Amino acid sequence: MRVSLRNQYSSFLFNLQNTQSRLMELNMQASSQKRINKPSDDPVGTARVLNYRSSLSAIEQYRSNIDTAKGWLNLADESMLQSSTILTKLKGLAEQGATGTMTASDREATAYEVRQLFSQLVNLGNTRYEGKSIFGGQKFEQNAFEEAL
């Protein structure tokens, strides 16, 4: 079988072009420091990369949700502790007022203090986290409580 010069030239040119193309791909990978620069480089790898990206995005959203929940619960806990302290003070004032030993001016001062404590309770009940009322239930855009006395 005879190999002509034209066949040798075509084969050499084909191999040269393939080698040059491969060199360009390797240069692209080296400069970008990524194995996959376009989806046609590795379709299965591209699918994996996209899957990993969506997983990372979901994990980041979970972290954000956890941080929001922690902040929400910490603020609710702090508000409840303050409310408990105020209710204890109100109970003490009610017990003092129930005795017959207070004068009218003492009762007026106690009533003023009770109104102030009630106002504090309402403000604690309307506590907001990230612009949303934490004790408002499903209507978190508006205040949960209003002073009505």
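Observations
- Every residue from the range 111-142 that is closer than 25 Å to Leu73 by Cβ, free of Cβ contacts under 8 Å to residues at least 24 places away in the same chain and open to solvent by less than 70 Å² (accessible area, probe 1.4 Å): Asn126, Gly131, Ser133, Gly136, Gly137
- Annotation note: of Arg53, Arg63, the sole residue that is open to solvent by 80 Å² or more (accessible area, probe 1.4 Å), among the basic types (Lys, Arg) and more than 30 Å from Thr127 (Cβ to Cβ) is Arg53.
- Considering residues of the range 95-110 that are surrounded by 10 or more Cβ atoms within 10 Å (Cβ to Cβ) and free of Cβ contacts under 8 Å to residues at least 12 places away in the same chain only, the residue farthest from the chain's Cα centre (by Cα): Met102
- Close Cβ contacts (under 7 Å, 6 or more residues apart or on different chains) running from residues in the range 35-53 that are free of Cβ contacts under 8 Å to residues at least 12 places away in the same chain to residues that are part of a helix (DSSP H, G or I) and open to solvent by 100 Å² or more (accessible area, probe 1.4 Å) comprise Asn37/Met28.
- Single unsatisfied condition, Val44 versus (1) farther than 23 Å from Gly137 by Cα; (2) in a helix (DSSP H, G or I); (3) touching a helix residue (DSSP H, G or I) at 6+ places or on another chain (Cβ under 7 Å); (4) of a type in the set (A, V, I, L, M): (3)
- Residue tally, condition under 23 Å from Arg48 (Cα atoms) and among the polar types (S, T, N, Q), over the range 8-26: 0
- Test for Phe145: is it open to solvent by 100 Å² or more (accessible area, probe 1.4 Å), more than 21 Å from the chain's Cα centre (by Cα) and either of a type in the set (Phe, Trp, Tyr) or at positive phi (or both): yes
The values are calculated or read from the model by the stated rules, or taken from the named source; none is laboratory data. What you see is a predicted model, and the numbers here were worked out from it, not measured in a lab. Using ideal geometry, Cβ is built from the backbone for each residue, glycine included, and neighbour counts are taken over all protein chains shown. Side chains are part of the model used for accessible areas, which takes the heavy atoms of the whole protein and leaves out ligands, DNA and RNA. Shrake-Rupley method; radii C 1.70, N 1.55, O 1.52, S 1.80 Å.
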